[in-house]
Amino acid sequence: MESPFIEVAQADAIAPGKFIRVEVDRTPYLIARVDERYYAVEDNCSHEDYPLSYGCLDGARIKCSLHGSRFDLETGQPADEPADTPIRTYRVELADGRLWLDPSGPLNQR
């Protein structure tokens, strides 16, 4: 069986407290680093269909720059209004200094 993971970045390309935007099959994702942990989420605010990559990290949350909603990077749950629907989260693994994303399906459903 073939692995669903795809190499998306070098781990050292993301400083703690930062994120990068990657595309896999024309679908955008964010890979974020909080301390020494990595997270992968869709690059789309569930409230207004707006790129979260225009926002910023607030601890282990990504903040949408359009209306200020923040989303938990682990669960995708919104922490603030006006968003009330979670964003999708994905598996990401670190191996040999590289980050691998599993885009085959989200860990959570909307």
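The values are calculated or read from the model by the stated rules, or taken from the named source; none is laboratory data. Fair warning: this is a prediction, and the values are worked out from it, not measured in the lab. With ideal geometry, Cβ positions are generated from the backbone for all residues, glycine too; neighbour counts draw on all protein chains shown.
Restricting attention to the stretch 65-74, the residues being closer than 17 Å to Ile31 by Cβ and either of a type in the set (Phe, Trp, Tyr) or in a loop (DSSP other than H, G, I, E, B) (or both) number 3. For the stretch 22-61, the tally of residues that are more than 19 Å from Gln10 (Cα to Cα) and among the hydrophobic types (A, V, I, L, M, F, W, C) stands at 5.
Filter the stretch 66-110 for residues that are under 23 Å from Asp35 (Cβ atoms), touching a residue at least 24 places away in the same chain (Cβ under 8 Å), of a type in the set (Gly, Ala, Ser) and surrounded by fewer than 17 Cβ atoms within 10 Å (Cβ to Cβ) and give the result. Correct list: Gly97 only. Each residue in the stretch 16-55 was checked for being loosely packed, with under 14 Cβ neighbours inside 10 Å and assigned to a loop (DSSP other than H, G, I, E, B), and 8 pass.
Tell me which residues, restricted to the stretch 84-110, are at pLDDT below 95 and aliphatic (A, V, I, L, M). Matches in the stretch 84-110: Leu107 only.
Note on the stretch 85-104: residues that are at negative phi and assigned to a loop (DSSP other than H, G, I, E, B) amount to 6.
Tell me yes or no: at least one residue of the stretch 7-15 is loosely packed, with under 13 Cβ neighbours inside 10 Å and in a helix (DSSP H, G or I). Yes, some residue in the stretch 7-15 is loosely packed, with under 13 Cβ neighbours inside 10 Å and in a helix (DSSP H, G or I). One residue stands out in the stretch 56-65 among those that are within 16 Å of Arg88 (Cβ to Cβ) and over 9 Å from the mean Cα position of the chain (by Cα): the one that is surrounded by the fewest Cβ atoms within 10 Å (Cβ to Cβ), namely Arg61.
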